[in-house]
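The values are calculated or read from the model by the stated rules, or taken from the named source; none is laboratory data. Just so it is clear, the structure is predicted and the values come from calculations on it, not from any experiment. Please note: Cβ atoms are built from the backbone with ideal geometry, for glycine as well, and neighbour counts cover all protein chains shown.
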Amino acid sequence: MRRITSRFVLLIATAAIAPLMVYGAVSVTSLRRANNESVRAGNLKVAGQVAEQIELYVTNNIRVLQSLGSELTATALATWQQDRMLKDYVLSFPEFREITLFDSSGNVLASSALGKSRVALPEAAAHAAKRIYIAPIRVDDDFLPTTTIAVQLTRLQQNTGWVVGEIALEQLWRMVDNIRVGASGHALIVGEDLRLIAHGNPDEKRRIASSEQATTNAALKFVSAFRAGGVPATQYLNEAREDMLAVASPVRETGWTIVVEQPTTEAFATTRRLEGQLLTAIALALLVTMIVGYFWGRTFIQRIFALTRVTRSIAEGKWETRVQMTGQDEIRELGDAFNSMADRLVELREDVRKQERQAMFGRIAAGLVHDLSHPIQNIGNSCKLILKMSDDQEYRETFRRTVEREMVIVKRVLDDLRNIARPIPLERFPVDLNKSVADAIEAMLPHAETAGLTLKAELASQPLYIEGDVFALGRVYRNLILNAIQATAPGGLVVAATEGHGTRVQVRVYDTGCGIPSDRLNAIFEDFVTTKRRGLGLGLAISKKIVEQLGGSIAVASEVGKGTTFVIDFPRTEARPIALVAG
Amino acid sequence: MSLPAGQTTSTGLRTLIPLLTTEPLLTNEMDGSQVARLAQDWAWDESRTKLQLKLRRDVLFHDGTPLTPKVVAQALRARIAAHSVSSFASVSSVSVTGEDAVTLQLTQPDSFLLPDLALVSIAMPGKSDIGTGPFKLASQSGQQTLLRRFDQFYRGRPAIDAVEIDTYPTQRKAWASMMRGSLDMLYEVSRDAVEFVEAESAVNTYKFPRAYYIPLIFNVRHPVLKNAQVRRAINEALDKDALVQEGLRGRGRPAEGPIWPDHWAYIASAQSTTFNPDAARLRLDAAGYRIPPVTAGQMPSRFSFTCAVWAEDARFERLALVLQKQFADIGIDMRLEPLSATAFDERALSGRFDALLIEMAGRSLSWVYRFWHSPSGQVVLNSGYQSADSALERIRRARSDDEVRRGVVDLMRVFTEDPPAAFLAWQMQSRAVSAQFDVRAEPNRDILSNVWQWRPVAAPASVSR
């Protein structure tokens, strides 16, 4: 049954669970891939927007300088007016730490600075082809990154000077600080020379101020690879060993690169949540499948178990047991068929019993005919002869003895039949086993002589006492010895021997007869079983019954062609016959 | 460390080191009242010309010498002789009047004596570097000073082993160093940087109202600025809220005068100037300062004056620009003259200036007296202003708190009607400390007042500034 259960579980697993798990794995993989792509695309979009903002920031600053330049050149302002205007611009646009106006030769004309201007006209600007020059990020006196934007002033296509603004990148930081992707995603700006310009993570901002920026920094390496044509999105461990999703976008106006970093735990949180939900749904489906499968299988297997139980019950002899099957399926049909089969078995069993009874009756009848016909015939002949030869005293006496002898036989047959059905009345007294065996041998010597074989007793040297019935024991000995004589060919030997072993005493009756086949040995003590051609076969059965009623046991060992040995075992008794006790 | 505002590196160290190494007899609270420190109690006689100070008996100097009335009397006599604060001029003698008592005899009542005593650190006579503070001077060379913990500090053993003080030429440079993790504490976070420092989780910032105001001081000898109506008009023309927002990035509050608004004698309802540029124009017009026709190459202004600005402190540059813009709006041409600290001090003392943009202490009324009472003010500032002398003198000689309050009302009226300066703003100050320290900050209180109570959060460490 376990195997059926196992197979049934395997069936559910392969038919329902395995496909569901495969579906789950495929779904989760697809979902993860799609969502990750979506998150990357989203962050790339954010990075692009940030880059646009930065470009706008730079562009706006350029426009401020251009606007200032236009006002300065177009209106022929006095120096004090230029000076005030520069100061007003610095106040109005806090991105600028200082704005200075240079003539075409690079001499300072006016400045927002109170004292000497800190800003110089970038040399590269003077040689640049474009009218706008953005200097590479540099570290100022305070170890902070800064840059300058130079805008060329022209009038009638002639270079009339430059407006140069020094940008305090703290303003850029404020803008970057306000950029948030999710809860903790942030942006950072990497300059042309792979120097960190701004970092949206307040705790990482100190890296900007560090004079030696780590070239092994994962973000900077990523930017380097990106600029070399690498992919715009990647994942890496930052210096806090946190797995980050990073995307990059260029700021074309300046050559800077925007990196948007977001912890993958946060970036892919939705993916993870959806995966979790999907896995939960699949797990629930699996659970439901298993529960339903279990209960459904249970109803299926339980009926098989019920069939098994009924089969066993019938095997134990409870022929009336039947299986009650529910449902309308093949199992129900199997149950019905089983019940029909059981009904038929009962019928067949009754038939067999009837046949057995008939056979038994026939055998008993044949046995009775065998056992009784000869004595009855002898009695009948004697009766007829008595009538014919009634005058002869000697004949009458002979016929009388014949009738009495045959009647004893008839009576014994009838007693045997009666003793089969009810307990044999026994009178138990201390009996000397040697004596009882010797008496039986003496009584059976005529039979032995008639059969032409030797019958002898081998008795123990000491008396062996048991609690027994002398007459019943004699009957047992007679049965065993008679059977032995009948089974032994002329010239053979039949011995009745006694032995004592501690608290037990034994009588062994053995012969050198034909022996009993082993397949019949087990049944020889049953009623109406005989190894002889004729007869009721009650002798050994009654002998066994007597021995067991006397507290003993009887066993047989036989070998075909060599002989048979019956061993009767009794408990020794300490009691003694009354006569002995009295004497 | 970035410098204490308005001071040079050397004067900054002169302020900070005594704060950690010495203790005064009393200290001034935020409201201008005094609390016990080395003196556990004090009492005036009825005439308020005799002040008895009862000293603590459990105080030791860094060299193990106990603090005794004799030592304190010696220290006070030395400071009085140096006229280090104005009220000491009223002290005729200092005497030991008991095992734990010192008595100061005054020639006349002086309400500034107690707040001035709070400004005087007690050091071993003749050994100014041996005090009673929580830390003792271990070494000093160049820009670095090392202080060690004083285990017998009477208020409790400091948890921090040592304090290293580094100086930086600018606040930006100092906070850049802080960002790099080279410092555990920043003396002052610049207004430009404070938002970044505040956002950093490895650093805690502590802001508190600083009893220092920024005035634009006028030289009343100036041909135009000598006119009180002009000075009053200038005060009316200034949008101080805008000055605080644009010039101080919102980290301050407009000043009505030189008296600390949280001072117990300050009366908010007293007369003050309100922002009214139209009234200012009318007042200037009435004073004869109208805007002239445009002249080539010159700004068409009612008048012009030059404002000296300390060039080495970037805080004043932006404030000066905003001021200049606001003055230009009513037709006043304020020219800016950046000066080095030395030149600035020289100008202030010599009186060779039109106007000064400066920072002044103002928690104690004695400081107001020191700056704006003409005979005393000439020690630090020579603006020629004398109008407030009478009111200031009345405050100084007041025998009761009510007299002080009445004097303050008079003083505020004088400063409104005849202002010696345009009082611009009181400042907020922020200090930054590494999150590795439990600072136990109290609201609106300078964290430097309890450095001895700071505790390293993790392993014992030293604090650098």
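Some observations on this one:
- Beta carbons closer than 8 Å, at least 6 apart along the sequence or on distinct chains, pair a first residue in region B:88-110 that is under 23 Å from B:Trp367 (Cβ atoms) with a second that is assigned to a helix (DSSP H, G or I) and basic (Lys, Arg) for B:Phe88/B:Arg79; B:Val94/B:Arg77; B:Asp110/B:Arg396.
- Residue check, B:Glu312 within 14 Å of chain A (Cβ to nearest Cβ), assigned to a helix (DSSP H, G or I) and over 19 Å from B:Arg232 (Cα atoms): no
- Any chance B:Asp166 is more than 11 Å from chain A (Cβ to nearest Cβ) and touching a residue at least 12 places away in the same chain (Cβ under 8 Å): yes
- Conditions (1) assigned to a helix (DSSP H, G or I); (2) within 15 Å of B:Ser86 (Cβ to Cβ): number failed by B:Ala398: (1)
- Residue list for region B:199-209, restricted to those being touching a residue at least 12 places away in the same chain (Cβ under 8 Å) and within 14 Å of another protein chain (Cβ to nearest Cβ): B:Glu200, B:Ser201, B:Ala202, B:Val203, B:Asn204, B:Thr205
- Verdict on A:Leu334 being surrounded by 15 or more Cβ atoms within 10 Å (Cβ to Cβ), modelled with pLDDT under 85 and under 27 Å from A:Ala13 (Cβ atoms): no
- Single residue of region B:318-346 satisfying the filter (polar (S, T, N, Q) and touching an Asp or Glu at 6+ places or on another chain (Cβ under 7 Å)) that is surrounded by the fewest Cβ atoms within 10 Å (Cβ to Cβ): B:Ser340
- Qualifying residue in region A:484-494 (condition: modelled with pLDDT under 90, in contact with a helix residue (DSSP H, G or I) (Cβ under 9 Å, 6 or more places away or on another chain) and buried (at least 20 other Cβ atoms within 10 Å of the Cβ)): no
- Count of region A:554-583 residues which are farther than 19 Å from A:Leu464 by Cβ and at pLDDT 85 or above: 9
- Of the candidates B:Gly407, B:Gly351, the single residue that is over 30 Å from B:Gln171 (Cα atoms) and of a type outside the set (Asp, Glu) is B:Gly407.
- The single residue among A:Val58, A:Val50, A:Val9, A:Val46 that is more than 14 Å from every other protein chain (Cβ to nearest Cβ) and closer than 30 Å to A:Trp296 by Cβ turns out to be A:Val9.
- Applying the set (1) in a helix (DSSP H, G or I); (2) closer than 16 Å to B:Lys325 by Cβ; (3) away from chain B (no Cβ under 11 Å); (4) not hydroxyl-bearing (Ser, Thr, Tyr) to A:Trp80 leaves exactly one unmet item: (3).
- Taking residues in region A:493-505 that are closer than 12 Å to A:Tyr477 by Cα, and partners anywhere that are among the charged types (D, E, K, R) and surrounded by fewer than 16 Cβ atoms within 10 Å (Cβ to Cβ), the pairs with Cβ atoms closer than 7 Å and at least 6 places apart or on different chains are A:Val495/A:Lys456; A:Val495/A:Glu458; A:Ala497/A:Glu458.
- Output for region B:232-243, where each listed residue is more than 12 Å from B:Ala280 (Cα to Cα), more than 14 Å from chain A (Cβ to nearest Cβ) and not acidic (Asp, Glu): B:Lys240
- Residue match in region B:149-165 (condition: at pLDDT below 90 and not polar (S, T, N, Q)): no
- Residues of region B:173-190 satisfying the condition of being of a type outside the set (A, V, I, L, M), within 13 Å of another protein chain (Cβ to nearest Cβ) and out of contact with any helix residue (DSSP H, G or I) (no Cβ under 7 Å at 6 or more places or on another chain): B:Lys173, B:Ser177, B:Ser182
- B:Ser301 meets all of the listed conditions (1) out of contact with any Leu (no Cβ under 7 Å at 6 or more places or on another chain); (2) closer than 30 Å to B:Gln427 by Cα; (3) small (Gly, Ala, Ser); (4) not in a helix (DSSP H, G or I) but one, namely (2).
- Residue list for region B:237-282, filter: surrounded by 19 or more Cβ atoms within 10 Å (Cβ to Cβ), of a type in the set (Gly, Ala, Ser) and in a loop (DSSP other than H, G, I, E, B): B:Ala255, B:Gly257, B:Ala265
- Criterion (under 23 Å from A:Arg40 (Cα atoms), crowded, with 17+ Cβ neighbours inside 10 Å and β-branched (Val, Ile, Thr)) met by exactly one of A:Val163, A:Val231, A:Val223: A:Val223
- There is no residue in region B:171-184 that is modelled with pLDDT under 95, within 21 Å of B:Leu53 (Cβ to Cβ) and either under 24 Å from the mean Cα position of the chain (by Cα) or not assigned by TED's automatic domain parsing to the domain that holds B:Ser400 (or both).
- Scanning region A:167-178 for residues that are away from chain B (no Cβ under 12 Å) and either modelled with pLDDT of 90 or more or surrounded by fewer than 21 Cβ atoms within 10 Å (Cβ to Cβ) (or both) yields a single hit, A:Met175.
- Checked against the criteria, A:Asp203 counts as touching a Ser or Thr at 6+ places or on another chain (Cβ under 8 Å), at pLDDT below 90 and either surrounded by fewer than 21 Cβ atoms within 10 Å (Cβ to Cβ) or within 14 Å of chain B (Cβ to nearest Cβ) (or both).
Quick grid of which residues meet (1) surrounded by fewer than 19 Cβ atoms within 10 Å (Cβ to Cβ); (2) within 14 Å of chain B (Cβ to nearest Cβ); (3) more than 60 Å from the chain's Cα centre (by Cα); (4) farther than 30 Å from A:Val259 by Cβ:
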site	(1), (2), (3), (4)
A:Val90	no, yes, yes, yes
A:Phe96	no, yes, yes, no
A:His127	yes, no, yes, yes
A:Leu153	no, no, yes, yes
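- Checked against (1) outside any loop (DSSP other than H, G, I, E, B); (2) of a type in the set (Lys, Arg); (3) at pLDDT below 95, B:Lys54 passes all but condition (3).
- Region A:370-398 residues that are surrounded by 12 or more Cβ atoms within 10 Å (Cβ to Cβ), paired with ones that are of a type in the set (Phe, Trp, Tyr) (beta carbon under 7 Å, 6 or more apart): A:Ser382/A:Phe399; A:Leu385/A:Tyr395; A:Leu385/A:Phe399; A:Ile386/A:Phe399; A:Met389/A:Tyr395
- Odd one out for B:Ser387 among (1) buried (at least 22 other Cβ atoms within 10 Å of the Cβ); (2) outside any helix (DSSP H, G or I); (3) of a type in the set (Gly, Ala, Ser): (1)
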